[in-house]
Structures are given as C-alpha cells and as structure tokens.
1. With all pairs of different alpha carbon atoms counted, what Kirkwood hydrodynamic radius in Å does the chain show?
2. Kindly identify segment 160-218 as rounded, prolate or oblate by the Cα gyration tensor criterion: order the square roots of the eigenvalues as a ≥ b ≥ c, call it rounded if a/c is under 1.5, otherwise compare a/b with b/c, prolate if a/b is larger, else oblate.
3. Show me 12-23, 155-166 ranked by packing, highest mean number of other Cβ atoms within 10 Å first.
4. Top mean-square fluctuation among Phe181, Phe91, Phe101, Gaussian network model of the chain, C-alpha springs under 10 Å?
5. Run the reach check for Lys77 against aspartates and glutamates, Cα to Cα strictly under 15 Å, same-chain hits fewer than 8 apart removed. What comes back?
6. Leaving out ligands and nucleic acids, note down the accessible area per residue over the chain with a 1.4 angstrom probe, in whole Å².
7. Let me know the shape class of segment 1-115, please: from the alpha-carbon gyration tensor, a ≥ b ≥ c as square roots of the eigenvalues, rounded when a/c is under 1.5, otherwise prolate if a/b is greater than b/c, or oblate.
8. Students often forget the sequence filter, so: which lysines lie under 19 Å Cα-Cα from Lys197 once same-chain residues fewer than 8 apart are removed?
Amino acid sequence: MTRLLIVDDEALVRAGLKMILESADDLQVVAEADDGADAAAMVREHRPDVVLMDIRMPRLDGLAATRQVQALPDPPKVLVLTTFDLDDYVFRALQAGASGFLLKDTPPRELVQAVRVVAAGDAMLSPAVTRRLIGHFAADPRTDRQRTARERLTALTDRETEVLAAVARGLSNADIGRELFMSEATVKAHVSRVLVKLDATNRVQVAILAHDAGLLDQ
C-alpha cells in the first residue's frame, strides 16, 4: 500500500484528489494539509511515501515546502500539482528535489498511474514535458552555469555520460536499454551511479544539468 499526503489550500481539490486516488486498491491518503507550512510536520507524523504538493498556497508555497520536506531524513517523493504547465515555480520545485509534476486537469487514470510511477522511484515527466521544461528555462550557454555543469560531468565515465544524455532526452530505462543495447537492470544501475556522482536526487535534476552543459547539443 502506497501512503499519500495531499497538500493543497482548496478543500474541493483535496476531496477530489482523495476520491480519485483511493479508488485504487493500492493507494491510501493518510493525511491532508491546507498549506505548505504544515507539510513537513505532516510528513514527520504520518510518514507518507508520496506527497502531492500544490504550488501556489497562501502562507508557504510548494517550492519552499518541497525544500523543507526533502531536507527531512528519508524524505518521501514529491509530486507537484499545478494549473500551469510551464510555471517557473514548477521548474524550481523540480530543482529542489520534486520527482515530477502534473497538471490539475490530469485524467484520473493518469493521476493514479503517475503516483505509482513516482512511488516506484521514477520521475513523472513525459519526454515531451521534459523537453519543454528544460528548453523553456535553459541557461544561456555563455554563462558560468554551463562551465560549472561541464566540470561536474567530468566525474562520469563515457557510458554514464551516454546514459545521462538519454535521460536528458526524457527516455525511460527500457527505452535507454534498447537504444544502448543494455538490460533495464544495467541502465538502472548506471542511472543510480550518475545520480550519486552528480549529487542529484532525481532524473529531472540531472537532465537539467546535462542541458546546462550543452550535452544535447553535441
């Protein structure tokens, strides 16, 4: 059973999400919060596996709340909810450690599947969304950010760099395995090492780093 915490300032939204999520036999909403200011305390008390986090809330927004939650020992996965698919807050929340984001008008079946994907440890971003996010907020290649990103990538082996480039293109582990002629388990091991070496918490963060470094332009 996957335990869930819903953080949203609109009671109607929380009720709708709870109804949809608990229609699945393997999902359970263990707590709700009406503001990001309460998120960290709720996580400590209820130990959810996944937090569905609204972005725009009156006291503490989802960005700051995500940072607080991710700073906790053994933090849960955070899935950001928004009405804007290119909201700068979403991009910054992903950088802060969120595992993905969903629009609030996501169909119920896709919402349930997204929670399952995130709970399993994968980032919930489709290739198209990944490209749009990174492309929309890409750094100027002449800035120090690109130089810093390239320096960090020197810690990777050639094979790990290939895997990183595929991750940055939004490919799943299965797709990467087919493209690079590796088993899915081997791809997963490479991705884990890339995350450790680059001090990142999820695939989205390393995808952003790869784009900053110009890896997809080569």
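The values are calculated or read from the model by the stated rules, or taken from the named source; none is laboratory data. Keep in mind the model is a prediction, meaning the values are calculated, not measured. Don't worry about glycine lacking a Cβ; one is built from the backbone with ideal geometry, like all the others, and counts go over all protein chains shown. To get the accessible areas, we keep the full protein, side chains included, count just its heavy atoms, and leave off ligands, DNA and RNA. Shrake-Rupley method; radii C 1.70, N 1.55, O 1.52, S 1.80 Å.
1. Working: mean 1/r = 0.0564 Å⁻¹.
It is 17.7 Å.
2. On the way: a/c = 2.02, a/b = 1.29, b/c = 1.57.
Oblate shape, in that a/c is at least 1.5 and b/c is the bigger or equal ratio.
3. Values: 12-23: 15.4, 155-166: 17.7.
Highest to lowest by the protection proxy: 155-166, 12-23.
4. Phe181
5. Within the straight-line cut-off, Lys77 pairs with Asp49, Asp54, Asp122.
6. Values: 10770 Å² over 218 residues.
Per residue, the chain has 49 Å² of solvent-accessible surface.
7. On the way: a/c = 1.42, a/b = 1.12, b/c = 1.26.
Verdict is rounded for segment 1-115.
8. Lys188
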